[in-house]
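The values are calculated or read from the model by the stated rules, or taken from the named source; none is laboratory data. On a predicted model such as this, the values are computed, not experimentally measured, just so you know. Note that each Cβ is placed from the backbone with ideal geometry, even for glycine, and that neighbours are counted across all protein chains shown. Side chains are part of the model used for accessible areas, which takes the heavy atoms of the whole protein and leaves out ligands, DNA and RNA. Shrake-Rupley method; radii C 1.70, N 1.55, O 1.52, S 1.80 Å.
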Amino acid sequence: MQILDGKLVAQTVKNDLKIKVAALKEKGKKKPHLAAVLVGNNGASETYVASKVKTCEEIGYQSTLIRFNTDVEEDVLLRKIQELNADDNIDGILVQLPLPKQIAEEKVINAIAAEKDVDGFHPTNIGKMIQGQPAYIPATPYGILLLLKHYKIETKGKHAVVIGRSNIVGRPISILLSQNTPTGNCTVTLCHSHTSNLKAICLQADIIVAALGKAEFLTADMVKDGAIVIDVGITRVEDKSKKKGYAIKGDVHFETVAPKCSYITPVPGGVGAMTIAALMQNTYLAATQKQ
Ligand code: GUN
């Protein structure tokens, strides 16, 4: 069993970007600039956005954090997005999800200019991605592909089972794994909360992507020997023994599943770390395509 070390691979991606940003600077070009919008004070969202801003600093990007109270009106948020779209100094825009109930996520995603949509959530980017055209690929699926590529994992002809059909992870990764690309060519089964016989389907999988958001859902009895397991979950589970009062758990029961796998991602230090690296890669692309 080999651990897919997302932290290490993410560092490689970030080091590479750091060098590229320094080269931009030498040529007198401006550094990439990411605008992150955070609404409310959801603990997990605060952590993710802080981590994104910190990574920008680390690799030499400019970042701007724009905060709104939980009760912000949809119009106010949409106006801010229009402002960011029109601002030539901003290369990439991300609005951290989820958003409070009074705001239609769809409207917000659609309002971001496709060429600044470094999250790859805009219908234009999703549509292009499906057709295999150049597009911003959502950061988590993109991070998974970078990880598979780094470890030279052969995906061709494999049966990949994706659990979870979110627009952010499950659906896009199911499409990407099926495409005719070096990290694709899988036969893909997309499972969700209404799938019958999930265990039987998982037992047929050469690759499992667990992206349903339920702590330690995938257990050893659902995984065949030698499978490759990608754990996308990051759920906070109460744990009084921890300083923060919670522990971070993946969607995979790591302890029992790991010994059966050929490769597995840990949580933390797996897909999560890669998500941020992939976002940084998209932001670099956004900045340089414009220049
Ligand atoms: N919430 C959970 N994952 C993501 C992500 O990749 N991007 C944004 N903007 N929000 C998220």
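Say we look at the stretch 249-260 and pick out the residues that are hydrophobic (A, V, I, L, M, F, W, C) and surrounded by 24 or more Cβ atoms within 10 Å (Cβ to Cβ); which of these is farthest from Val9 (Cα to Cα)? Per the criteria, the residue is Val257. With respect to the stated conditions, Val108 fails to be on the phi < 0 side of the Ramachandran plot, within 14 Å of the ligand (Cβ to nearest atom), in contact with a Pro (Cβ under 7 Å, 6 or more places away or on another chain) and of a type outside the set (Ser, Thr, Tyr).
Residues are listed down the side, and each one gets a yes or a no for (1) of a type in the set (A, V, I, L, M); (2) at pLDDT 95 or above; (3) out of contact with any helix residue (DSSP H, G or I) (no Cβ under 8 Å at 6 or more places or on another chain); (4) surrounded by 15 or more Cβ atoms within 10 Å (Cβ to Cβ):
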| position | (1), (2), (3), (4) |
| --- | --- |
| Leu8 | yes, yes, yes, no |
| Ile19 | yes, yes, yes, no |
| Lys31 | no, yes, no, yes |
| Asn41 | no, no, yes, no |
| Lys52 | no, yes, no, yes |
| Ser63 | no, yes, no, yes |
| Thr70 | no, yes, yes, no |
| Glu73 | no, yes, yes, no |
| Lys80 | no, yes, yes, yes |
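Can you tell me how many residues in the stretch 1-52 are part of a loop (DSSP other than H, G, I, E, B) and either among the basic types (Lys, Arg) or more than 16 Å from the ligand (Cβ to nearest atom) (or both)? The total comes to 9.
For the subset of the stretch 130-143 comprising residues that are away from the ligand (no atom under 12 Å from the Cβ) and in contact (Cβ under 8 Å) with a residue 12 or more places away in the chain, which member is farthest from the chain's Cα centre (by Cα)? In this case the residue turns out to be Gly132. The conditions of being over 30 Å from Asp87 (Cα atoms) and assigned to a helix (DSSP H, G or I) are not met by Val267.
Within the bounds of the stretch 112-126, is there any residue that is under 19 Å from the mean Cα position of the chain (by Cα), outside any helix (DSSP H, G or I), free of Cβ contacts under 8 Å to residues at least 60 places away in the same chain and more than 14 Å from the ligand (Cβ to nearest atom)? Within the stretch 112-126, none of the residues are under 19 Å from the mean Cα position of the chain (by Cα), outside any helix (DSSP H, G or I), free of Cβ contacts under 8 Å to residues at least 60 places away in the same chain and more than 14 Å from the ligand (Cβ to nearest atom). Evaluating Thr275 against the criteria (1) open to solvent by less than 40 Å² (accessible area, probe 1.4 Å); (2) under 17 Å from Leu145 (Cα atoms); (3) touching a strand residue (DSSP E or B) at 6+ places or on another chain (Cβ under 8 Å); (4) not charged (D, E, K, R) leaves one unmet condition, (3). Before we move on, is Val169 open to solvent by less than 30 Å² (accessible area, probe 1.4 Å), touching a residue at least 24 places away in the same chain (Cβ under 8 Å) and either aromatic (Phe, Trp, Tyr) or within 16 Å of the ligand (Cβ to nearest atom) (or both)? Yes; evaluated as a whole, the condition is true for this residue.
Screening His150 on (1) of a type outside the set (Ser, Thr, Tyr); (2) free of Cβ contacts under 8 Å to residues at least 60 places away in the same chain; (3) more than 14 Å from the ligand (Cβ to nearest atom); (4) within 24 Å of Ile234 (Cβ to Cβ) shows it passes everything except condition (2).
Answer yes or no as to whether Thr47 is open to solvent by 60 Å² or more (accessible area, probe 1.4 Å), among the β-branched types (Val, Ile, Thr) and under 27 Å from Ile234 (Cα atoms). Against the criterion (open to solvent by 60 Å² or more (accessible area, probe 1.4 Å), among the β-branched types (Val, Ile, Thr) and under 27 Å from Ile234 (Cα atoms)), Thr47 qualifies.
If you go through the stretch 195-224 and keep only what is open to solvent by 40 Å² or more (accessible area, probe 1.4 Å), touching a residue at least 24 places away in the same chain (Cβ under 8 Å) and closer than 15 Å to Val252 by Cα, you end up with Leu212, Gly213, Lys214, Ala215, Glu216, Phe217, Thr219, Lys224. Of the listed requirements (1) closer than 20 Å to Val39 by Cα; (2) open to solvent by 30 Å² or more (accessible area, probe 1.4 Å), Ala111 misses just one: (2).
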